[in-house]
Amino acid sequence: MDSINPNLSLRKKRQVKSIAELEQGILAGDRASLSQALTLAESRLTTHRAQAEKLVQNCLPKSGQSLRIGITGVPGVGKSTFIEAFGEYLIKEGKKLAVLAIDPSSSKTRGSILGDKTRMEQLSQNQNAFIRPSPSAGSLGGVARKTREAIILCEAAGYNIILVETVGVGQSETAVKNMVDFFVLLMLPGAGDELQGIKRGIMEMADLLLINKADDPKDPKVRLAMGEYKRALHLFPPNQNEWIPVVDSCSALNGAGVAKAWEHILQFERQQKLKGYFLENRSEQAVSWFDQQIGDHLFEYLKGLPHFESNYQQYLTEIRAQNLDPGLAARKLLNVCLGGIK
Ligand code: GDP
């Protein structure tokens with residue numbers, strides 16, 4: 001049967017690739033192996049999860065050599081246009097670029113805001129770029145885990161710039177901030193009032209605030225927006241890593257300012273490595289991920305215990321009605337399930 005259905009036969013062949021073969025393929029920079037490994041990491045099956053973890057663990061020593069950059073901004077600000085221009089520029093500079101997207105909104109909208117294939121069409125055809133659309137709908141925690149694993153796998157496959165893109169409207173930015181070295185926020189000129197619906201917290205995370213669509217950098221609207229954002233950033237407490245966030249402008253459409261944006265990032269990298277913050281930040285990110293994962297795994301474990309579900313539902317009702325303190329409820333629930341919690 002397989003012989004008359006080449007797709008099926010291909011799928012079957014793909015499935016039998018062992019973890020060792022995938023690892024070998026990834027380390028050799030084989031895109032098909034990388035894609036397959038990412039699919040494995042995105043799977044919800046327990047067996048796939050274990051395999052993906054093993055693969056990530058094996059690839060870990062070959063990872064870490066990249067610069068991880070988060071890019072965010074509201075829909076329409078020009079993220080994909082920017083990534084296209086920036087990506088082409090970096091590739092000309094001799095880099096290999098992987099673009100990953102975080103879009104947990106897809107479960108609600110029944111369609112990914114970020115993930116459609118027509119985005120970044122040119123870049124996706126470049127041999128030195130690897131674009132992975134957002135994993136299919138899932139919780140933020142799940143999508144974040146997949147993206148973390150994807151970063152390691154892409155690095156092991158030789159990609160030395162990792163761009164992680166989010167839509168800039170939700171919590172995903174905090175997750176991304178916790179997995180990248182540098183965070184870029186794209187904004188629009190002119191519409192500076194109320195900071196364009198970007199939450200204060202997201203602005204506070206930015207290492208570089210780029211005003212896109214500045215096709216004419218002398219445009220008074222651009223200058224006005226730059227001044228406004230500089231003042232806004234100035235009000236935030238200084239970063240512990242001593243980096244002073246930069247405000248600049250660019251035009252993703254005509255490429256102006258793209259090289260300058262890269263200069264800012266290189267300057268950041270040099271400074272952070274010199275001061276020792278670069279690796280410190282990565283270590284802290286790994287530790288905080290470890291803590292978060294303990295919580296997640298524990299929660300999964302608890303869900304499987306006999307008394308969990310009925311008690312959980314009962315507490316939920318009381319918590320929703322504001323009759324029960326969630327902290328107290330959590331402790332009570334743990335006591336019922338595990339005992340010994342004071
Ligand atoms: P995203 O939703 O943030 O990914 O935004 P897109 O990259 O899809 O861009 C939204 C629209 O803005 C598209 O029509 C782009 O052509 C346009 N656009 C993006 N960057 C620029 C720019 O620098 N200047 C101008 N004039 N238009 C731009």
**Request:** With just the Cα atoms of segment 13-96, tell me how far they stretch along each of the three principal axes, in Å, largest first.
**Result:** 40, 29, 25
**Item:** Global form of segment 195-271, assessed from the alpha-carbon gyration tensor, a/c cut-off 1.5
**Value:** oblate
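List the equivalent ellipsoid semi-axes of the chain in whole Å, largest first, each obtained as the square root of 5λ for an eigenvalue λ of the Cα gyration tensor.
That gives 35, 29, 19 Å for the three semi-axes.
Per DSSP H run of at least 4 residues, take -39500 (n - 2.57); add these up for the chain, divide by its residues and hand me the 222 nm value, nearest 500 deg cm²/dmol.
Helix-only estimate at 222 nm: -16500 deg cm²/dmol.
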**Request:** Could you tally up the Lys pairs in segment 212-302 with alpha carbons closer than 18 Å? Skip any pair fewer than 8 positions apart unless they're on separate chains.
**Result:** 7
**Asked** Sorted by mean Cβ packing within 10 Å, highest first, what order do the peptides 145-156, 36-47 take?
**Response** 145-156, 36-47
**Compactness of segment 184-342, expressed as Rg and Dmax over alpha-carbon positions, Å** = 23.4, 67
**Request:** Return a whole-number percent for the relative contact order of the chain, with Cα pairs under 8 Å and 6 or more residues apart as the contact set.
**Result:** 16
**Message:** Can you tell me how segment 252-292 classifies by the Cα gyration tensor, rounded, prolate or oblate, using a/c under 1.5 as the rounded cut?
**Reply:** oblate
**Prompt:** Considering the dipole of the chain built from charges on the beta carbon (Lys and Arg +1, Asp and Glu -1) around the Cα centre, which of 64, 182, 82 is farthest to its positive end?
**Reply:** 64
**Prompt:** What net charge is computed for the residues neighbouring residue 43, neighbours being all others with C-beta under 10 Å from the C-beta of residue 43, Lys and Arg scored +1, Asp and Glu -1?
**Reply:** +2
**Item:** Percent of Cα pairs exceeding the 17 Å cut-off, where the set is segment 28-77
**Value:** 53
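All of the numbers you see were taken from the coordinates with simple rules; none came from a lab. Worth saying up front: this structure is predicted, and the values here are computed from it rather than measured. Ideal geometry is used to build each Cβ from the backbone, glycine not excepted, and the neighbour counts take in all protein chains shown.
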